[in-house]
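Trainee: Handing you this structure, nothing more for now.
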Amino acid sequence: MASVDIEKRVERARELFMSGYNCSQSVFMALADQYDIPEKQAARLSASFGGGIGRLREMCGACSAMALLEGLHSGATEAADVEGKQANYKNVQALVHRFAEQNGSYICRELLQLRKDAPTPPVPDPRTAEYYRQRPCLRMVESAVRIYCEQNL
């Protein structure tokens, strides 16, 4: 695997997010080529994790993308590989804990400062200047790319 320029990957993730991809897609697509995943496939694989998994506002999509990437990096490929599973889970937990340390949480609704009972319709919010100004999502995308790269690439 070739070494990466982290800031170029952050910039790519930023461009993807600002063009309308969700948080998970932006992180995953910015790094998927490191694992020979074509861009269209990367977009589909990570599409459902945006908005805190299908816009349920649970685990931040940027964190979910780090977990997907970690699976490509260190995921066990044999059902009986207990040590491999443990190593992968340890790596995922380290990524997510670091993200929470830097950002205050890894839960989408908490990052967005939404009430726990706030409605979660499946309709994405329009990407307007106000959307980008109010949301911390771009910072979460940037953070996730840096954390993942620093740990793995």
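Trainee: Pairs of lysines 8 or more apart, or on different chains, with alpha carbons under 29 Å: count those in the chain, would you?
Mentor: Qualifying lysine pairs in the chain: 4.
Trainee: Could you calculate, for the chain, the ratio of the Cα radius of gyration to the Kirkwood radius, expressed as Rg to Rh?
Mentor: Looking at the chain, the ratio lands at 0.97.
Trainee: Using the crude model of +1 on Lys and Arg Cβ and -1 on Asp and Glu Cβ, and no other charge, please compute the dipole size for the stretch 6-152 relative to its Cα centre, in debye to 20.
Mentor: Rounded to the nearest 20 debye, it is 540 debye.
Trainee: Using packing as a proxy for protection, rank 116-123, 51-58, 75-82 so that the peptide with the highest average count of other Cβ atoms within 10 Å comes first.
Mentor: 51-58, 75-82, 116-123
Trainee: While we're on this one: Local charge sum around G52 (other residues, Cβ-Cβ under 10 Å, Lys/Arg +1, Asp/Glu -1)?
Mentor: So the environment of G52 carries a net charge of +1.
Trainee: From the P(r) of the stretch 1-54, could you give the percentage of C-alpha pairs in the tail past 14 Å?
Mentor: 50
Trainee: Cut-off is 10 Å between beta-carbons; in what order do M59, M66, M18 appear when sorted fewest neighbours first?
Mentor: M18, M59, M66
Trainee: Provide the FRET efficiency to the nearest 0.05 for the K40-Y131 pair, computing r from the beta carbons and using R0 = 22 Å.
Mentor: Efficiency for this residue pair is about 0.30.
The numbers here are math on the coordinates, done by the rules we state, and not lab data. All values reported here derive from a predicted model rather than from experimental measurement. Quick reminder, even Gly has a Cβ in these numbers, built from the backbone with ideal geometry, and neighbours come from all protein chains shown.
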